[in-house]
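Q: Can you read through this structure? Questions will come right after.
Laboratory data are not the source of any read-out in this text; all were calculated from the coordinates shown. Just so we're clear, the structure is a prediction, and the values are computed from it rather than from any experiment. Because the Cβ atoms are built from the backbone with ideal geometry, glycine has one as well, and the counts that use them run over all protein chains shown.
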Amino acid sequence: MNAMSREHAFVITRVVAVESRARQSTGQPETIPMQLILDHIGILTPSIERSAGHFPPGFTLHDPELMPSEGTREQYATLDSKRGPSVLLLEAVQPGPYQRALEKRGPGLHHLGLATDSLELATAQLHSLGLLLHPDSLKTHAHGCVWLCRPGVPFLVELYKPKELSAADYAPVRIDLPTGQPHSEPLPQLLPGLKIQVHDSEDLTLTVDGQTFPVPT
């Protein structure tokens, strides 16, 4: 077994062990006490300029940044009220995972970024909801980040442990996926106050801090 395989086995073993300890006598998953917040919503788009033009007042658009290691241009939109997650616009500009995702699944919701104070416990909690470790976690786990996915669910979950994590007082968040973003499995409801659903529209629509607005992609 090579070093990467050993690390993968270690991650899986720890997740299963923690999840087993967290189960009640009924055998059902138990909510594990920890901090777990929706930090950002990652949206893959052919043009961040086009998508950024639809944010309502109350959002601050930061300068786009080129990320050569990811093959992307990225731009954050943050809420002035601090009562909701950031929105991260991702434009694939070079060959890489984001360009492959764009070619395979098209534009739209790419991932949800969740921050936690316990990577181990949060991974176990999400695993109990049916999410599986993505192979990229082999490379990212050592840096305090794992990726999770589920066949038939059209987005990924990025889970990471920041150096500091403050309790968030967020208003409810709703993500309305367009009918063109296919899925064959029920969409997981990952956090209280976060609702993900499909609606009859061509655009991804967000409801954040009481404001509903489209994010054309």
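Q: Which of H54, H110 has the fewest other C-beta atoms within 10 Å, and how do the rest follow up to the most?
A: Working: H54 13, H110 24.
Taking fewest neighbouring Cβ atoms as first place, the list is H54, H110.
Q: Could you compute the net charge surrounding K82? Neighbours are other residues with a C-beta less than 10 Å from the C-beta of K82; K and R count +1, D and E count -1.
A: On the way: positive: R83; negative: D80, D169, D209.
Taking every Cβ under 10 Å from that of K82, the sum is -2.
Q: Net charge near D63: determine it from the other residues with C-beta under 15 Å of the C-beta of D63, scoring Lys and Arg +1 and Asp and Glu -1. Before the final figure, lay out the partial values.
A: Numbers: positive: R73; negative: E49, E65, E74, E91.
Residues near D63 contribute -3 overall.
Q: If you find the alpha carbon centre of the range 103-170 and of the range 36-94, how far apart are they in angstrom?
A: 18 Å
Q: Straight-line reach from K161: which aspartates and glutamates have Cα under 14 Å away, leaving out those fewer than 8 places along the same chain?
A: Once the sequence-local aspartates and glutamates are set aside, what remains near K161 is D39, D117, E120.
Q: Right, another one. Would you please give the residues with an amide H less than 5 Å from that of T72, counting only those at least 5 places away or on a separate chain, with H modeled from the backbone geometry?
A: M67, V93
Q: Separate question: How do K104, K195 rank when sorted from fewest to most other Cβ atoms within 10 Å of their own Cβ? All intermediate terms of the calculation are to be shown ahead of the outcome.
A: Values: K104 7, K195 14.
Ordered by Cβ neighbours within 10 Å, fewest first: K104, K195.
Q: A follow-up question, please. Arrange the following residues from fewest to most other Cβ atoms within 10 Å of their Cβ: L133, L159, L66, L44. List each step's numbers first, then the result.
A: Numbers: L133 20, L159 27, L66 12, L44 24.
Least crowded to most crowded, the residues run L66, L133, L44, L159.
Q: Would you please calculate the Kirkwood hydrodynamic radius of the range 84-217 over all C-alpha pairs and express it in Å, rounded to one decimal?
A: Working: mean 1/r = 0.0629 Å⁻¹.
That comes to 15.9 Å for the range 84-217.
Q: Report the net charge of residues surrounding F213, where surrounding means a beta-carbon distance below 12 angstrom and charges are Lys +1, Arg +1, Asp -1, Glu -1. Intermediate values should be presented prior to the final figure.
A: Details: positive: R174; negative: D176, D203, D209.
Net charge around F213: -2.
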